[in-house]
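Encoded as structure tokens, the structure appears first; notes follow it.
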């Protein structure tokens, strides 16, 4: 998948801060990304773009691929347009809400004034909460919520969310994250517990793969 793909926009912060990329399919949007590289959007009013085209154009602007020096404000307009045009609920709508959440989270990281930064992070949380309401089992969206808790200096909520994710999804990567967190906190027994769970999960995955081969 290309470096500046739609997928990277959604997974970039997770990969940076957690060190892994959850399974996440955006094949429909990636194909539209290819088409949107054309000059179509240069010659028509944005209101004529489809919701998916507006979303992908906003992502291109965030990734620095938009032309004419488009900035984050124009990206916000595209995400807002995409949200307003999208009528259905479900997996697709989650991607729109999450995109807006990532937009605000990314903007907040560049703000030095803490009070203003917190306000922007809370906007990010609002849209991420909306995305979670569409699909509570989406690991990618839930991990963005963890990042928001950390950015708000609410480590207790961040760890609670990770523990909840580990219990619900039994994901080896989550266990590894919890292992490193508790190890740094000096809770060696809890760290060992999650290290063992990560090892057992890895063994089960390898066993299933060998049986399927």
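Of 105, 86, 127, all but one fail to be under 29 Å from residue 164 (Cβ atoms), buried (at least 17 other Cβ atoms within 10 Å of the Cβ) and either in contact with a strand residue (DSSP E or B) (Cβ under 7 Å, 6 or more places away or on another chain) or at pLDDT below 95 (or both); the exception is 86.
Okay, residues lined up against (1) assigned to a helix (DSSP H, G or I); (2) in the same structural domain as residue 16 (by TED's automatic domain parsing):
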| site | (1), (2) |
| --- | --- |
| 101 | yes, yes |
| 131 | yes, yes |
| 140 | yes, yes |
| 153 | no, yes |
| 178 | yes, no |
| 186 | no, no |
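Check the range 2-22 and report whether any residue there is farther than 14 Å from residue 140 by Cβ and at pLDDT 85 or above. Yes, that holds for at least one residue. Quick check, is residue 143 touching a helix residue (DSSP H, G or I) at 6+ places or on another chain (Cβ under 8 Å), at negative phi and in contact (Cβ under 8 Å) with a residue 60 or more places away in the chain? Answer is yes for this residue. Residue 165 falls short of the stated requirement of being assigned to a helix (DSSP H, G or I), touching a helix residue (DSSP H, G or I) at 6+ places or on another chain (Cβ under 9 Å) and more than 22 Å from residue 140 (Cα to Cα).
The values are calculated or read from the model by the stated rules, or taken from the named source; none is laboratory data. The structure presented is a predicted model; accordingly, all values stated were derived computationally and were not measured. Cβ coordinates were reconstructed from backbone atoms using ideal geometry, including for glycine residues, and neighbour counts include every protein chain displayed.
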